[in-house]
Amino acid sequence: VYKKELDGGRMSLRRMQFSKALGVKAILARDDEGNILLDEKGRPLVLVPGSAPDVTAQIWLGKQLLGQRDKVEIDADKIHSLAISVMIDVSAEGKPFKERIKG
């Protein structure tokens, strides 16, 4: 029984995640002829608000379900300059780097 309920909860959560990733179209009030009803300011009357697609949720689902990964490019020049910068900070021991070189 517990496993069945847990699986049902996972399916419900997955459904909510997909819904958030895709976005939800708003449901608008309509008259008998199918025309959208407007409020006094000329805006459509919304019965059920919608939501825009969530890019973060789309990326997360892509990584989880499709095995997508972020492409990480390593530039040798950037690594070299970063290593030098870290070495200078560590070896300076509180003294400016020029003083350290002079002795």
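Across every direction, the projection of the convex hull enclosing the Cα atoms of segment 10-56 has a mean area of 4.7 nm². Counting Lys and Arg as +1 and Asp and Glu as -1 over every other residue whose Cβ lies under 15 Å from the Cβ of S51, the net charge comes to +2.
Computed from the coordinates by the stated procedures, all read-outs in this text should not be read as laboratory data. The shown structure was predicted, so the numbers you read here are calculated from the model rather than taken from an experiment. Positions of Cβ are generated from backbone atoms using ideal geometry, with glycine treated the same way; all protein chains shown enter the neighbour counts.
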